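Rule-based calculations on the coordinates, nothing more; no lab input. The model shown is predicted, which means the values in this text are computed figures rather than measured ones. Counting neighbours? That spans all protein chains shown, and the Cβs are built from the backbone with ideal geometry, glycine included.
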Amino acid sequence: MPELPEVETIARLIRPRLEGRRIDGCEVRWTRTLGGLSKPAFARAVVGARLARVWRRGKFLVADLERSGRPEGALVGHLRMTGRVHVEPKGWDPGPYLKVRLALDDGADLFFIDVRKFARLWYAAEPDDLLGTLGPEPLSESFTGDWLSAALRDRRRTLKPLLLDQTFVAGLGNIYVDESLYRAGIHPLARSDRLTRERAARLRDEIRATLGEAIEREGSSFDVFYRTPEGNPGSYQDEFKVYGREGKPCVRCGEPIRRIVVGQRGTHFCARCQRR
DNA sequence: ATCCTATCCTGGCTGC
DNA sequence: TGCAGCCAGGATAGGA
């Protein structure tokens, strides 16, 4: 599932192919993908606009739009679980799950594809309406051990669901939370306000290390869904220590990895290395 | 304030 | 082999 490392990989790969391009046309196959805007309203908003900066915020992909050199809203995408983005030559076959196609002025097409119809591609006049509630970027300077320690203590939440809460920290999903907690030696059911400063700082370090290594590997591809915009799978799934490893031995201590459900999410951990 | 459930969707897997 | 039913997961809404 696309989490921060996958979205970052996508942003990096499509950036050089999108920045500076003008949108010459659009085709919408599934209106709900637009998140409330009608097809004509969406077309009016994006056709003729130029894609300026392409960037990522949490799990959102953002392309700032310009008209006559002036900022004019943004395209904001969220892939949810099965969304994909491709930039391909005109005529490329996107398969049966194409939701939106944008024709670019260099002859390429931007394809927004999704099997399950949860993904969204918004036109936002004010992108902050979508991005404004997000918590800090875990790879940014502001995500420090002290900040995390204080923020965890401010809440009284079960740790794992809190880390999945995008208003708390932006970009973490089920996989990287499980992997980060394992690496930090912290139980997913730990109470957020009971972590010592030292353990919070360790968690901060392991979150950043996990995300950084996953970005280096171009994300994780353990099912048919996530592929880079070039169609290649990432390889970080080979590094998973707990996610999807139920019953297999912990690489550190040999204890079988356990799977429980926390906040409706499959949760993988080592009961010996991650004590309560 | 926090937690829980249902919803949105479909392909793929399990079990009969 | 066929098929019904369940599961996965990101985000959100509504209720406890």
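Numbers below:
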quantity: Residues being within 16 Å of DNA strand B (Cβ to nearest atom) and surrounded by fewer than 16 Cβ atoms within 10 Å (Cβ to Cβ) - total across region A:192-217; calculated: 2
quantity: Among the residues listed as A:SER220, A:SER180, the single one being over 30 Å from A:LEU110 (Cβ atoms), buried (at least 21 other Cβ atoms within 10 Å of the Cβ), more than 12 Å from DNA strand B (Cβ to nearest atom) and among the polar types (S, T, N, Q); calculated: A:SER180
quantity: Filter result (farther than 22 Å from A:VAL261 by Cβ and more than 16 Å from DNA strand C (Cβ to nearest atom)) within region A:167-194; calculated: A:ASP193
quantity: Criterion violated by A:LEU75 - all others in (1) within 14 Å of DNA strand C (Cβ to nearest atom); (2) part of a strand (DSSP E or B) satisfied; calculated: (1)
quantity: Residues of region A:1-55 that turn out to be within 20 Å of A:PRO233 (Cα to Cα) and buried (at least 20 other Cβ atoms within 10 Å of the Cβ), as a count; calculated: 11
quantity: When residues of region A:106-147 are limited to those that are of a type in the set (Gly, Ala, Ser) and touching a helix residue (DSSP H, G or I) at 6+ places or on another chain (Cβ under 7 Å), the one surrounded by the fewest Cβ atoms within 10 Å (Cβ to Cβ); calculated: A:GLY145
quantity: Residues being in contact with a helix residue (DSSP H, G or I) (Cβ under 8 Å, 6 or more places away or on another chain) and within 15 Å of DNA strand C (Cβ to nearest atom) - total across region A:208-234; calculated: 9
quantity: Region A:164-192, residues that are basic (Lys, Arg) and assigned to a helix (DSSP H, G or I); calculated: A:ARG183
quantity: Residues satisfying the stated conditions in region A:123-146, i.e. assigned to a helix (DSSP H, G or I) and free of Cβ contacts under 8 Å to residues at least 40 places away in the same chain; calculated: A:ASP128, A:ASP129
